[in-house]
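A.B. asks: Okay, here's the structure, questions in a sec.
The values are calculated or read from the model by the stated rules, or taken from the named source; none is laboratory data. Because the structure is a prediction, the values reported are computed rather than measured. When we count neighbours, we look across all protein chains shown, and the Cβ atoms used for this are built from the backbone with ideal geometry, even at glycine.
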Amino acid sequence: MKKFNYSSILFMLVITIIFTSALATIHQLTKDQVQLNEELKEHKSMLYVLDIPFENKTAIEVSNIRTNYIKEIKKESLIYYEGFKGDTLIGYIFPIEGDAVWGYLRGFISLSPDLTEIIGVDFLSHNETPGLGGRIDELQFKQQFRGIQIDPDQEDENYIIYKPNPNGQVDAISGATGTSDAVKRIINKKLESILMEMKGGDN
Amino acid sequence: MIKLKELKNIFTRGLIKDNPVYRQILGICSALAVTNLMINSLVMGIGLIFVSSFSSLTVSIIRKYTPKHIRMMVQTLIISAYVIIVDIILKAYYPNMSEALGPYVGLIITNCIIMGRCESFAQKNPPLSSFFDGIACGFGYTFVLVSVAFFREFLGFGTLFGFSVVGDWWVNWIFMIMPPGAFFMMAILIWVANSLVPAEEESIVTGGGH
């Protein structure tokens with residue numbers, strides 16, 4: 001048996017403290033930047049789902065639009081945002097979330113003020129495989145959701161249907177059926193609850 | 001100071017003779033996972049060069065004070081610290097890249113190349129040569145990743161670094177961007193590499209990696 005000695009423990013302790021404090025310092029120094037990035041991403045995402053172009057805008061301009069034209073509303077269990085252009089309401093933004101294939105998926109969906117049309121869909125965070133399920137982030141996929149008509153009186157919750165099924169509006173991602181199905185499930189479920197809650201509020 | 005000849009030696013070994021992936025079959029997991037896009041492979045490679053060089057440097061500096069029987073623990077701690085630094089820097093200053101690589105940055109920790117170099121080289125050599133050895137092996141790994149990704153992205157998407165290089169007539173080989181494509185491409189490239197640069201002597205490296 002090897003002789004047990006305390007110097008190893010002491011050595012490990014010292015080196016752990018050194019590295020942990022170094023990491024903590026770096027984390028502190030970059031914390032604000034990381035948070036800014038996340039906020040900016042969220043703001044851009046809101047503009048994207050409302051179909052407001054932001055490619056040529058600086059981070060500050062994007063944030064200004066977010067603060068001036070998008071208003072957060074809390075209504076019972078539902079949190080959503082109202083998007084304005086000038087003084088007119090151009091759409092609602094609802095957060096979407098749920099389990100996808102490899103982890104939790106978060107994003108936004110935006111609906112026209114009369115809740116009959118999807119203006120846009122975007123994803124904020126997910127853990128899908130890069131190059132496969134991760135391709136839900138590509139414009140080619142996301143743009144397909146623009147302008148999809150929703151019938152509020154529909155019986156079942158199949159608002160989004162993948163091609164080539166009858167009445168399909170969206171092409172799923174080849175090689176990523178699991179992720180595509182998860183996205184469809186999350187959106188359809190959210191749409192159903194949105195329509196229920198918003199209708200309930202009007203009456 | 002480190003001699004030029006020794007430096008050259010370290011680099012030929014890291015890049016060609018003892019190339020971590022082609023020769024030592026180390027770091028295969030991540031080489032299979034991130035090689036469907038060239039840009040992902042490149043950033044992953046740069047991250048690995050950083051981690052492997054600085055871990056080797058640190059391990060080498062403290063090698064004389066490290067109690068022998070806990071050296072693996074110490075190495076793991078050092079490697080994880082550097083990986084977390086890479087992750088934080090990507091998140092803060094290159095958020096887009098951080099998103100594209102997702103969980104793979106964190107997985108650099110489990111890359112056997114780094115641990116292998118720390119254990120087999122940095123533990124016995126002075127800091128500066130260990131540092132360059134880390135860089136050399138990182139380059140060897142990056143070179144392999146980018147070459148595998150070149151074929152996979154080209155055949156699978158018809159693009160290189162995201163730019164389309166072939167016309168509309170191109171039919172994407174979906175197979176290439178799926179996991180099995182990585183195995184085929186990797187095997188072919190290892191075969192080619194070993195035919196071009198035959199092993200000079202019986203390899204002393206034993207055991208495979210993850």
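A.B. asks: Determine which single condition A:Glu38 fails, assuming it passes every other condition in (1) acidic (Asp, Glu); (2) more than 11 Å from chain B (Cβ to nearest Cβ); (3) under 16 Å from the mean Cα position of the chain (by Cα).
C.D. replies: (2)
A.B. asks: Give me a count of the residues in the stretch B:168-196 that are surrounded by 12 or more Cβ atoms within 10 Å (Cβ to Cβ), modelled with pLDDT under 85 and among the β-branched types (Val, Ile, Thr).
C.D. replies: 2
A.B. asks: Which residues, taken from the stretch A:99-147, are away from every other protein chain (no Cβ under 14 Å), assigned to a strand (DSSP E or B) and either more than 14 Å from A:Ile194 (Cβ to Cβ) or without any contact (Cβ under 8 Å) to a residue 12 or more places away in the chain (or both)?
C.D. replies: Of everything in the stretch A:99-147, those that are away from every other protein chain (no Cβ under 14 Å), assigned to a strand (DSSP E or B) and either more than 14 Å from A:Ile194 (Cβ to Cβ) or without any contact (Cβ under 8 Å) to a residue 12 or more places away in the chain (or both) turn out to be A:Asp99, A:Gly120.
A.B. asks: Select from the stretch B:40-68 the residues that are more than 14 Å from the chain's Cα centre (by Cα) and β-branched (Val, Ile, Thr) and list them in ascending order.
C.D. replies: Correct list: B:Thr58, B:Val59, B:Ile61, B:Ile62, B:Thr66.
Residue by residue, here is whether (1) at the interface with another protein chain (Cβ under 7 Å from one of its Cβ atoms); (2) touching a residue at least 60 places away in the same chain (Cβ under 8 Å); (3) over 20 Å from B:Asp133 (Cβ atoms) holds:
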residue: B:Arg23; (1), (2), (3): no, yes, no
residue: B:Val34; (1), (2), (3): no, yes, yes
residue: B:Asn40; (1), (2), (3): yes, yes, yes
residue: B:Val51; (1), (2), (3): no, yes, no
residue: B:Lys68; (1), (2), (3): no, no, yes
residue: B:Val74; (1), (2), (3): yes, no, no
residue: B:Glu99; (1), (2), (3): no, no, yes
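A.B. asks: Starting from residues that are of a type in the set (D, E, K, R) and surrounded by fewer than 19 Cβ atoms within 10 Å (Cβ to Cβ), keep the ones in the stretch B:108-157 and report whichever is farthest from B:Ala31 (Cα to Cα). Steps first, please.
C.D. replies: Initial filter on the stretch B:108-157 (of a type in the set (D, E, K, R)): B:117, B:119, B:124, B:133, B:152-153.
Add one more test, that the residue is surrounded by fewer than 19 Cβ atoms within 10 Å (Cβ to Cβ), and what stays is B:119, B:124.
Numbers: B:Glu119: 21, B:Lys124: 27 Å.
Among those that are of a type in the set (D, E, K, R) and surrounded by fewer than 19 Cβ atoms within 10 Å (Cβ to Cβ), it is B:Lys124.
A.B. asks: While we're here: Out of all the residues in the stretch B:132-150, is one or more in a helix (DSSP H, G or I) and free of Cβ contacts under 8 Å to residues at least 24 places away in the same chain? Even if it seems obvious, please write down each step before you answer.
C.D. replies: Within the stretch B:132-150, the subset in a helix (DSSP H, G or I) is B:132-150.
Still in the list and also free of Cβ contacts under 8 Å to residues at least 24 places away in the same chain: none.
Looking for residues that are in a helix (DSSP H, G or I) and free of Cβ contacts under 8 Å to residues at least 24 places away in the same chain, one finds none in the stretch B:132-150, hence no.
A.B. asks: Could you list all residues from the stretch A:34-82 that are touching a Pro at 6+ places or on another chain (Cβ under 8 Å) and loosely packed, with under 13 Cβ neighbours inside 10 Å?
C.D. replies: Across the stretch A:34-82, the qualifying residue is only A:Ile79.
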